[in-house]
Amino acid sequence: MPIPRILLEQIKQIIPPLNGTLHKGQSGRVGVLGGALDYTGAPFFAAMSALRFGADLSHVICSPTAAGAIKSFSPDLIVHPMLREDSSPADVKPELNSLLSRLHVLIIGPGLGREPYMQNFAKLALTLARERGMFLVLDADALLLVGKELDLIKGYRRAVLTPNVVEFTRLSENVGVDPSTPPDKRAEVISRELGGVAILQKGAKDIIAIDTTGESADTKKSLLKDEPKEKTKEVVEVDVEGGLKRCGGQGDILSGAVGTFLAFGKCYEDGAFGDGKIAASRMPLLAAVAGSIVTRHTSRRAFQKQGRGLVTQDMLGEIGTSFSEVFGEDSQGGDRGKL
């Protein structure tokens, strides 16, 4: 199913121009919250892919047990080892809140794990981010958190949830989706029950759904100045061919991609570039669609080169070229390679 042309054109409009007019930070400041003793790769891939997609700065907020490994993976990442097991959320709150004030988007979940102290810090971060009206991406074990406490995210339309097959099944049960609901309709049901939160259902084809027609759609919770008064429903299927090997870590690259496009959207919303005609309420849908398209394209390019031996690391180097092929050479600075 082809992506509606108007969506592609809107996505192109929120991509920061590479023409020398922007200063550091105006192409996106991304935060990733996750990373504990057993999980260091996931937050790295999410944060590093954000840089590869074009964000200016990428921060990882993690446990001290993960910080050393993540720092050693790349000097390009800014690592904050503030999530200490012996600290309470109240102890961490001032430092975390200060950091969030400098970010355009927060991705919660990659490498988060299920240890109670990490889950508590994720809950704190989610609460603080909502109070600030930040764009959010929730992935991996952050979905376990919100599945247990749906009110943490219900009605907050500046968020994108990115469940895989197992996570989607669990979230469907948490929300109370009727088992007889057709599989391709369940994402919109979850979105409706959560008050219009964007759902990116990962699978053979990705389904992005936003449905604000339910009773849970409380516009006061979304903090979107231009929230439309009418109820809306939009579903987009992305069936762009991906690689034939689904390696662990590809979902982290997707969460980094969606987060980066949300950061682009925030910079656009703030007037750093563009004409401001695209409503902020469109950003979660645009970011989810864009992230899905380019991640799948990147996966295909990497698989064509590596085949069965593909690992997530191989995808990072293909992101820039995939971005150009999807959105045009101008999106990468046009004749950047000509001297």
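The values are calculated or read from the model by the stated rules, or taken from the named source; none is laboratory data. Model, not experiment: these values are computed from the prediction. Every residue, glycine as well, gets a Cβ built from its backbone with ideal geometry; the counts of neighbours run over all protein chains shown. SASA here: full protein model, heavy atoms, side chains in, ligands and nucleic acids out. Shrake-Rupley method; radii C 1.70, N 1.55, O 1.52, S 1.80 Å.
Structure summary
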| quantity | calculated |
| --- | --- |
| Number of the condition not met by A159 [criteria: (1) of a type outside the set (K, R); (2) surrounded by 24 or more Cβ atoms within 10 Å (Cβ to Cβ); (3) out of contact with any Phe, Trp or Tyr (no Cβ under 8 Å at 6 or more places or on another chain)] | (3) |
| Restricting region 35-55 to residues that are in a loop (DSSP other than H, G, I, E, B) and within 15 Å of the chain's Cα centre (by Cα), the residue that is farthest from L103 (Cα to Cα) | G54 |
| Every pair of residues 6+ apart whose Cβ atoms lie under 7 Å, when the first sits in region 189-203 and is under 16 Å from T295 (Cα atoms) and modelled with pLDDT of 95 or more while the second is basic (K, R) and not in a strand (DSSP E or B) | none |
| Residue that is farthest from R157 (Cα to Cα), among those in region 198-214 that are of a type in the set (G, A, S) and assigned to a loop (DSSP other than H, G, I, E, B) | A204 |
| Every residue from region 60-70 that is closer than 19 Å to L103 by Cβ and surrounded by fewer than 22 Cβ atoms within 10 Å (Cβ to Cβ) | A67 |
| Matching residues, region 94-125, being under 24 Å from E269 (Cβ atoms), assigned to a helix (DSSP H, G or I) and open to solvent by less than 20 Å² (accessible area, probe 1.4 Å) | L96, L99, L100, A125 |
| Enumeration of residues in region 298-325 that are open to solvent by 40 Å² or more (accessible area, probe 1.4 Å) and either part of a helix (DSSP H, G or I) or touching a His at 6+ places or on another chain (Cβ under 9 Å) (or both) | R300, R301, F303, Q304, K305, Q306, R308, G309, Q313, D314, T321, E325 |
| Boolean, D91 is of a type in the set (D, E), closer than 30 Å to K233 by Cβ and either part of a loop (DSSP other than H, G, I, E, B) or free of Cβ contacts under 8 Å to residues at least 24 places away in the same chain (or both) | no |
| Any hit, region 50-58, residues being closer than 26 Å to I153 by Cβ, free of Cβ contacts under 8 Å to residues at least 60 places away in the same chain and charged (D, E, K, R) | no |
| Residue match in region 11-33 (condition: assigned to a helix (DSSP H, G or I), at negative phi and β-branched (V, I, T)) | yes |
| Candidates S172, S191, filtered to the one that is touching a strand residue (DSSP E or B) at 6+ places or on another chain (Cβ under 6 Å), surrounded by 22 or more Cβ atoms within 10 Å (Cβ to Cβ) and among the polar types (S, T, N, Q) | S191 |
| Lone unmet requirement of (1) open to solvent by less than 10 Å² (accessible area, probe 1.4 Å); (2) over 13 Å from the mean Cα position of the chain (by Cα) for V32 | (2) |
| Any chance D330 is out of contact with any Phe, Trp or Tyr (no Cβ under 7 Å at 6 or more places or on another chain), outside any loop (DSSP other than H, G, I, E, B) and without any contact (Cβ under 8 Å) to a residue 12 or more places away in the chain | yes |
| Of all residues in region 228-267 being closer than 23 Å to G155 by Cα and part of a loop (DSSP other than H, G, I, E, B), the one that is most open to solvent (accessible area, probe 1.4 Å) | K229 |
